[in-house]
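Since the structure comes first, as structure tokens, the remarks are kept for the end.
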């Protein structure tokens, strides 16, 4: 089977988080991958908001009805940002 398809078929979501931040080198690698992700028009028309503040995460968890957000050491929100490439 194609490795990409196999990877997607084996994907699962785990919503249990350790109480420690993502190491800086791992976070940097994630952002490097994000910045090189292919798009249909060759633009990176999104921004990432990184949230580590417990109070803000608690507010987002309440608004979203997703208590696990409150327990995350870090939360990254991806948003469409059409002005990023102007």
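The values are calculated or read from the model by the stated rules, or taken from the named source; none is laboratory data. The shown structure was predicted, so the numbers you read here are calculated from the model rather than taken from an experiment. Note: ideal-geometry Cβ built from the backbone for every residue, glycine included; neighbour counts use all protein chains shown.
Selection within the stretch 32-57: residues that are in a helix (DSSP H, G or I) and out of contact with any strand residue (DSSP E or B) (no Cβ under 6 Å at 6 or more places or on another chain). The member of this set that is nearest to residue 21 (Cα to Cα) is 54.
Among the residues of the stretch 58-86, those that are within 14 Å of the chain's Cα centre (by Cα) and closer than 28 Å to residue 19 by Cα comprise 69, 72, 73, 74, 75, 76, 77, 78, 79.
Can you pull out every residue in the stretch 13-40 that is closer than 13 Å to residue 74 by Cα, out of contact with any helix residue (DSSP H, G or I) (no Cβ under 9 Å at 6 or more places or on another chain) and modelled with pLDDT under 85? Of everything in the stretch 13-40, just one residue is closer than 13 Å to residue 74 by Cα, out of contact with any helix residue (DSSP H, G or I) (no Cβ under 9 Å at 6 or more places or on another chain) and modelled with pLDDT under 85, namely 18. When 58, 45 are screened for being more than 21 Å from residue 81 (Cβ to Cβ) and surrounded by 11 or more Cβ atoms within 10 Å (Cβ to Cβ), only 58 passes.
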